[in-house]
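In what follows, a single structure is set out as C-alpha cells and then discussed.
The values are calculated or read from the model by the stated rules, or taken from the named source; none is laboratory data. Source: prediction; values computed, not measured. Don't worry about glycine lacking a Cβ; one is built from the backbone with ideal geometry, like all the others, and counts go over all protein chains shown.
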Amino acid sequence: MMLASPDNLTSALASLGTSSEGDLISMEITKKGVQRRGQTHGDDTVAVLVWTGFEYRALIERSQRKLEALQAKGLITKLALASSERAAGAGIGEVCAAIQETESWFPRVLTVGQAPRFPRETEDVWSPLIVEGKHVHGCRVWNGVPDPDDPKAIVPGTVYLQGVKLGEVILKPAESSWVTRSSPKTVAKDILRSWLPIGLFVQYALTPGSYSNFSTGADAAKMAKAAGILVEPDAVRSLFKVA
C-alpha cells in the first residue's frame, strides 16, 4: 500500500517489526476528535512518542499481573474513592462490578484469535498492513464504511498505527472538548484501566495531512526529546517486558 505525505512514511513503516522487541515512533499528528452538534471537539495537534510492534499478549498479561497486585493492596477502597470524586453514585457495588468485568475481559482477549499481536475486529473491517511484501506489525488497515454524516470520516484503506503511548505534548489545543457522561461503573472501569499498562494503549489514523515529522527508532527518540517528551527506553523495557 502506498501512503500519502510525508514521502518517507512508506519506507519508515516497512522498517517496523524488524526487531521482536518493537520500535519507537515519533510524530506530530492532529487527532480526529469527535463530531457533536455539527462541531469537531478534541482535535488537538500533538507531538507523541509511541512504542509499537511488540507482542500484544505481553501487554495484556502484564496488565493482569498488575491488577492482581493492586487487588492485594486494597484496590476496592482506592478505586471507590477515586471513582466517587468523578461520578456521583460510584459506590462499592459499582467498583466491584468494574473490577470483575475487567478481570473477565483479559482471558477473553487472550483466547480470541490465539492472542494476536494487536487486537483485531472482523476480517471484513480490518486487514494487515503489507508494505514491500512485509507484514508491518503494529499497523492495520481499516476497510469499513465511512459515516456519511461525519465531514472528517475515515476512508477505506486508512492505516492505523497502534501501540503504547510513552508521552505526549500538545502543540495546538483543540478549540473545544467534549465530555461524555458515563455511568459510575464505566467511570470506575476507565480509572482502573488507566492504572494498568493496557491503559496506555492507543491507535492513530494516519490520514493524509494529519501527521508530519514521522520518524522511527533512534531518530524518534531524538525528535521526542526535542519536543519535550522525555522517556528512557530502558525504563520502558523494564515496565512492559516487551522490549
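Surrounded by 15 or more Cβ atoms within 10 Å (Cβ to Cβ) and either out of contact with any strand residue (DSSP E or B) (no Cβ under 6 Å at 6 or more places or on another chain) or in a helix (DSSP H, G or I) (or both), is that true of L67? Answer is yes for this residue. Screening V50 against (1) within 24 Å of the chain's Cα centre (by Cα); (2) assigned to a helix (DSSP H, G or I); (3) crowded, with 21+ Cβ neighbours inside 10 Å leaves a single unmet condition, (2).
In region 149-173, the qualifying residues are those that are aliphatic (A, V, I, L, M) and buried (at least 17 other Cβ atoms within 10 Å of the Cβ), and the one that is nearest to F201 (Cα to Cα) is V164. Here D219, D150 are screened, and the one residue that is among the charged types (D, E, K, R) and at pLDDT below 80 is D150. Contact map, region 82-98: first residue part of a helix (DSSP H, G or I) and of a type outside the set (V, I, T), second residue at pLDDT below 85 and surrounded by 18 or more Cβ atoms within 10 Å (Cβ to Cβ), Cβ cut-off under 6 Å, separation 6 or more or different chains; pairs are S83/A90; S84/A90.
Residues to consider are R181, R140, R108; find the one that is assigned to a loop (DSSP other than H, G, I, E, B), modelled with pLDDT under 90 and charged (D, E, K, R). Break it down stepwise before answering.
Working: R140 fails: assigned to a loop (DSSP other than H, G, I, E, B); R108 fails: assigned to a loop (DSSP other than H, G, I, E, B).
Sole residue among the options that is assigned to a loop (DSSP other than H, G, I, E, B), modelled with pLDDT under 90 and charged (D, E, K, R): R181.
L171 fulfils the conditions (1) closer than 30 Å to A97 by Cα; (2) part of a strand (DSSP E or B); (3) of a type outside the set (G, A, S) except for a single criterion, (1). Of all the residues in region 123-137, those that are assigned to a strand (DSSP E or B) and either without any contact (Cβ under 8 Å) to a residue 60 or more places away in the chain or closer than 12 Å to A205 by Cβ (or both) number 3.
In region 70-87, what residues are loosely packed, with under 14 Cβ neighbours inside 10 Å and within 29 Å of A174 (Cβ to Cβ)? Within region 70-87, E85, R86 qualify. Entry remark, region 186-205: residues being buried (at least 20 other Cβ atoms within 10 Å of the Cβ) and not in a helix (DSSP H, G or I) number 2 in total. Any chance region 216-224 includes a residue that's touching a helix residue (DSSP H, G or I) at 6+ places or on another chain (Cβ under 9 Å), assigned to a loop (DSSP other than H, G, I, E, B) and not basic (K, R)? No, the conditions are met nowhere in region 216-224.
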